[in-house]
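Taking it in order: structure first as structure tokens, then the write-up.
The values are calculated or read from the model by the stated rules, or taken from the named source; none is laboratory data. From a predicted model like this one, the values you see are computed outputs, not experimental measurements. Don't worry about glycine lacking a Cβ; one is built from the backbone with ideal geometry, like all the others, and counts go over all protein chains shown. These accessible areas exclude ligands, DNA and RNA; they are computed on the full protein's heavy atoms, side chains included. Shrake-Rupley method; radii C 1.70, N 1.55, O 1.52, S 1.80 Å.
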Amino acid sequence: MPAYNTIAFKPDRCNGCGDCMIACARAKTGSDDPRRSRIQIAPGVINGEFSLAMCRQCGDPKCVANCPAAALTKNFTTGVIDWDCSKCVNCLLCTVGCAYGGIVFDEVARHVIKCDQCDGDPACVRACSDGALKYITTASIYNEVGDLEDLFVPGLAGCQGCNTELLIRHALRRVGPDTVVAAPPGCVPGMGTVGYNGQTGSKVPVFHPLLTNTASMLTGIKRHYKRKGRNVTAMALAGDGGASDVGFQSLSGAAERGEEILFIVIDNEGYMNTGMQRSSCTPFGAWTSTTPVGRESRGKTQDAKNLPLLMVAHRCAYVATASTAFMEDLYHKLDKAIQVSKRGFAFLHVYSPCTTGWRFPSEKNIEVARKAVETNFVMLWEYEPETGLRLTHPVDDPLPVTDYLKVMGKYRHLSPEQIEHIERHIAENIRVIKQQMSGAGAPAG
Amino acid sequence: MHSSHYLIVGASHAGLAALAAIRMADADRELTMVAKDDTLPYSPTVLPYVVSGYSDPGRVFLRDDQYFKRERASYLRGRSVTHIDTDAHVAQLSDGTEIGYKKLLLATGARPAVPAIPGLGSVTVHVLRTLDDALRLRASLPSVQRAVVLGAGLVGIHAAENLRKGGVNVTLIEIEPQVLPGYFDAEAAAIIAQAFVDAGVDVRLGAEAVGVTPEGGGFTVQLADGKSLAGDLLVVGTGVTPIMDYLRDSPVATDRGILVDDTMRTNVSDVWAAGDVAQARGFYSCEPILNGILPYAVEQGRIAGMAMAEDPALETYRGGVPLNTCSFWGQHAISVGTNAAPEGAEVVTRTDPARGQYLKIILRDHRLQGIFGVNELFDAGVMWELILRRIDLGPVRESFLERPNVTARALMSSTWR
């Protein structure tokens, strides 16, 4: 079964203006009567949040099962539940089946009405100026990527709940078979990319450089293929340790020379593969096996190095940060990075929560990733020398950082002073990013 | 002898919901569905619209052959089950063949219960349960001038409306003092009955037919009050009775229907029942009740299918609540829940006779017991959940009574969105 696009509602962003209802009524009936809208917003009963009644386009729809006249059908291509006026007998049994108020009788039209997502361009979403309604099209990306060839082994040795498999598989599908992958020591080869027992773990050539020389080796391979006249993508899948610590010299050099490389960093804030030691990307206060928590030591005492900003300072052809909680954003950046890597150095930094090393339940990975963004603990942006740095997912009204810190074990010991330090660091980070933005497009100093 | 892991007897809503539920959990094991009619599956509920000509009889089918092919299910049409050997796990079909099964679902539905009125057997009686019934009734319409409809339940009033729309003189006879007993109270029923009177239907409530005699091409119906009615088309819609003849000499326990537990299983292992034939726990009393309405056929069929396929996501039956929707002369009535106000219940009614509107809400301990509306629209499915979940309406009582639908949606939004 394919994935489908959907209309998402964020009650905390809704101010009840009703523009969506009028837009829907206009689009569907030509009238301004909000009662005829397929989307109904009303004041809720808790916290003053607004409530939504609209068709969920259920996967196993009860309205369809309840229809005696075969007038309702789930369209497995679009995911929308289609209503056939010529078959409907107006019995309203569909309204009995729906526990969401998603199909209702229109007293003017004298028949039931329901949302059809406006053939992929919902009028309600266009009318919403507060970001409460969003048309989520991530599904079409999954379907599209799902049709591409999977270039990674079916089985792998990652920890349960790790999002790195998703990153490896989708990056490989997207970049395609004409690729050479460098996987320096870390979780990516540990999960099976470089293979076991003399067999590789991917369907493209893959090699295992040292932590120190990933970018240098890729440089040589890329130049060799170029000289041979072959258009091959040279892609690194490196951890934060390999990129920001001992691997930084070769990375910096390749970036400075503008090598045509796609360098993807999967940042799980430490050497998680070898026993969760700290790296220069480990944030302040975090527990790791080398920044333990005891009577004296209370986690890491230094702030994380902001590696992607360092890459901006290299004036790379493309630099971006991404999160698996925001896949549309990630795919946009992945596509752009692949494209840019044909002419210069493209650097994609993906924040990757680690279930084992950060100590949170395996089903919470995406939630942790989302909270990191929603608290501004990490920021999603992209940079090109011509246009400068721009936030791709600005969070103007962030959640308190404690909402992020409390969802995992590695910050459980934090004192109020340490939390204050982290808050100050986030504020400083925002200032630095804003400075970068105001200096957009300025020539390198 | 042919054998199938899953055998579903009956091809209407309960059987189809079970098939879908089984295939969600078990895509592979052999599945056979036996349909009494020699057609693709259809719903009895659509039949009045076939009679009136509103629905094209060729377009009412709920599934096509492709569906069964896609779901890898054999669809045996035009056959009924005549006997079941639950020890040997074998069902005998009306064509003389036998099918072995591992798991059996009885979704054989119900047939019209024709009352024992003297003389009824001597005239042509129309009922409305199968597509054949509907086509036969439709074919007889052009020559009909005076129709008598026995029973003012959903089938009876639908038939009366559609006959009247066809220009026929119609008399509607109901033994109870109101139309749609069981779903609506007297006041709501009076609004509905009035619509029929206004449309020129002769509505006789509290009237009992005591005899029928053939006369010319037609018949005469004698009523208990001594009056008599002449007609040339007799439609009987006096309720239905579960079809379970094939359970004679069977250990499967029955009462008015086949008794089932909260997973729709009968007292015999590997045998389930769902839909109009099943007698499952009632929501209010916990006694097993017949609740022969479409949404419950779907619900019970789904639960039975999940239980048969051992789907770990199965949640047991929450009990049957009476509910229904009724369209009449372009108007709408919806009932969700019990109309019988229990002791200590709070009953709130609101009427607007000018607009033909009626709303009644029954609360008990701040929980919704039932809500009934005539030309008062609300989300029946949302109300149904409020009842089943026993949602505490105490904190929102005033606004619920004032604006039940908006409040119910807000509760939905904060409870199960």
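Mind checking which residues of segment B:385-410 are of a type outside the set (D, E, K, R) and in a loop (DSSP other than H, G, I, E, B)?
Across segment B:385-410, the qualifying residues are B:391, B:393.
Looking at segment B:302-336 only, could you name the residues that are farther than 15 Å from residue B:291 by Cα, of a type in the set (Val, Ile, Thr) and within 14 Å of chain A (Cβ to nearest Cβ)?
Within segment B:302-336, B:303, B:334 qualify.
Please verify whether residue B:135 is modelled with pLDDT of 95 or more, surrounded by fewer than 19 Cβ atoms within 10 Å (Cβ to Cβ) and part of a helix (DSSP H, G or I), treating the condition exactly as stated.
yes
I need a count of the residues in segment A:395-435 that are open to solvent by less than 70 Å² (accessible area, probe 1.4 Å) and within 25 Å of the chain's Cα centre (by Cα).
Count: 21.
Go through (1) farther than 30 Å from residue B:260 by Cα; (2) more than 9 Å from every other protein chain (Cβ to nearest Cβ); (3) surrounded by 15 or more Cβ atoms within 10 Å (Cβ to Cβ) for residue B:339 and report which single condition fails.
(1)
Answer yes or no: is there a residue in segment B:158-178 that is part of a loop (DSSP other than H, G, I, E, B) and within 18 Å of the chain's Cα centre (by Cα).
Taking every residue of segment B:158-178 in turn, none turns out to be part of a loop (DSSP other than H, G, I, E, B) and within 18 Å of the chain's Cα centre (by Cα).
Among the residues that make up segment B:45-61, is at least one of them of a type in the set (D, E, K, R), within 19 Å of residue B:101 (Cβ to Cβ) and free of Cβ contacts under 8 Å to residues at least 60 places away in the same chain?
Within segment B:45-61 (the criterion being of a type in the set (D, E, K, R), within 19 Å of residue B:101 (Cβ to Cβ) and free of Cβ contacts under 8 Å to residues at least 60 places away in the same chain), the answer is no, since none of the residues qualifies.
Any idea how many residues of segment B:392-406 are free of Cβ contacts under 8 Å to residues at least 12 places away in the same chain and within 29 Å of the chain's Cα centre (by Cα)?
Matching residues across segment B:392-406 total 1.
Within segment B:241-299, considering only strands (runs of 3 or more DSSP E) that don't extend past its boundaries, which have at least 3 residues that are outside the structural domain of residue B:102 (by TED's automatic domain parsing) and of a type in the set (D, E, K, R)?
Correct list: empty, since no element meets the threshold.
Look at residue A:167 and say whether it is surrounded by fewer than 16 Cβ atoms within 10 Å (Cβ to Cβ) and within 21 Å of residue A:200 (Cβ to Cβ).
Answer is no for this residue.
For segment B:344-384, please list each of the strands (runs of 3 or more DSSP E) lying entirely inside it that holds at least 2 residues being within 14 Å of chain A (Cβ to nearest Cβ), touching a residue at least 12 places away in the same chain (Cβ under 8 Å) and surrounded by 18 or more Cβ atoms within 10 Å (Cβ to Cβ).
So the answer is B:367-374.
Condition check: open to solvent by less than 40 Å² (accessible area, probe 1.4 Å), assigned to a loop (DSSP other than H, G, I, E, B) and either within 12 Å of chain B (Cβ to nearest Cβ) or in contact (Cβ under 8 Å) with a residue 40 or more places away in the chain (or both). Does residue A:23 satisfy that?
No, not satisfied.
Name the single residue that is least open to solvent (accessible area, probe 1.4 Å) among those in segment B:390-417 being more than 16 Å from residue B:348 (Cβ to Cβ) and more than 10 Å from chain A (Cβ to nearest Cβ).
The extreme case among them is B:391.
To keep it simple, each residue is scored yes or no on (1) more than 10 Å from every other protein chain (Cβ to nearest Cβ); (2) in contact (Cβ under 8 Å) with a residue 12 or more places away in the chain; (3) of a type outside the set (A, V, I, L, M).
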site	(1), (2), (3)
A:19	yes, yes, yes
A:27	yes, yes, no
A:55	yes, yes, yes
A:89	no, yes, no
A:94	no, yes, yes
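Applying the selection to segment A:320-360, what residues are among the polar types (S, T, N, Q), open to solvent by 10 Å² or more (accessible area, probe 1.4 Å) and either in a strand (DSSP E or B) or under 19 Å from residue A:222 (Cα atoms) (or both)?
Matches in segment A:320-360: A:339 only.
Could you look through segment B:37-64, keep only residues that are assigned to a helix (DSSP H, G or I) and more than 8 Å from every other protein chain (Cβ to nearest Cβ), and pick out the one that is surrounded by the fewest Cβ atoms within 10 Å (Cβ to Cβ)?
Residue satisfying both the conditions and the ranking: B:58.
Within the set of pairs 6 or more residues apart or between chains, which connect a residue that is under 15 Å from residue A:79 (Cα atoms) and of a type in the set (S, T, N, Q) inside segment A:98-125 to a residue that is open to solvent by less than 20 Å² (accessible area, probe 1.4 Å) and part of a loop (DSSP other than H, G, I, E, B) with Cβ atoms less than 7 Å apart?
Once the first residue is under 15 Å from residue A:79 (Cα atoms) and of a type in the set (S, T, N, Q) and sits in segment A:98-125, its partners that are open to solvent by less than 20 Å² (accessible area, probe 1.4 Å) and part of a loop (DSSP other than H, G, I, E, B) give A:117/A:80.
Given the criterion away from every other protein chain (no Cβ under 12 Å), in contact with a Leu (Cβ under 7 Å, 6 or more places away or on another chain), of a type in the set (A, V, I, L, M) and within 28 Å of residue B:70 (Cβ to Cβ), identify the matching residue among A:81, A:7.
Of A:81, A:7, the one residue that is away from every other protein chain (no Cβ under 12 Å), in contact with a Leu (Cβ under 7 Å, 6 or more places away or on another chain), of a type in the set (A, V, I, L, M) and within 28 Å of residue B:70 (Cβ to Cβ) is A:81.
For the structure I just gave you, tell me whether residue A:75 is free of Cβ contacts under 8 Å to residues at least 12 places away in the same chain, among the polar types (S, T, N, Q) and either more than 9 Å from chain B (Cβ to nearest Cβ) or under 23 Å from residue B:47 (Cβ atoms) (or both).
Spelling it out, residue A:75 is indeed free of Cβ contacts under 8 Å to residues at least 12 places away in the same chain, among the polar types (S, T, N, Q) and either more than 9 Å from chain B (Cβ to nearest Cβ) or under 23 Å from residue B:47 (Cβ atoms) (or both).
Just give me the residues in segment B:73-91 being of a type in the set (A, V, I, L, M) and touching a Gly at 6+ places or on another chain (Cβ under 7 Å), in sequence order.
B:90, the sole residue that qualifies.
Out of all the residues in segment B:153-179, which are buried (at least 24 other Cβ atoms within 10 Å of the Cβ) and either free of Cβ contacts under 8 Å to residues at least 24 places away in the same chain or closer than 21 Å to residue B:357 by Cβ (or both)?
Residues satisfying the conditions are B:157, B:179.
Can you list the helices (runs of 4 or more DSSP H) found entirely within segment A:34-152 that contain at least 2 residues being open to solvent by 20 Å² or more (accessible area, probe 1.4 Å)?
A:62-66, A:123-127, A:138-147
Just checking, does segment B:205-218 include any residue being assigned to a helix (DSSP H, G or I) and either in contact with a Ser or Thr (Cβ under 6 Å, 6 or more places away or on another chain) or within 25 Å of residue B:354 (Cα to Cα) (or both)?
no
Scan segment A:19-45 residue by residue and report those that are more than 19 Å from residue A:112 (Cβ to Cβ) and either of a type in the set (Asp, Glu) or at pLDDT 95 or above (or both).
Answer for segment A:19-45, where residues must be more than 19 Å from residue A:112 (Cβ to Cβ) and either of a type in the set (Asp, Glu) or at pLDDT 95 or above (or both): A:19, A:20, A:22, A:23, A:26, A:32.
Would you pick out the residues in segment A:97-143 that are closer than 30 Å to residue A:335 by Cα and of a type in the set (Lys, Arg)?
The answer is A:126, A:134.
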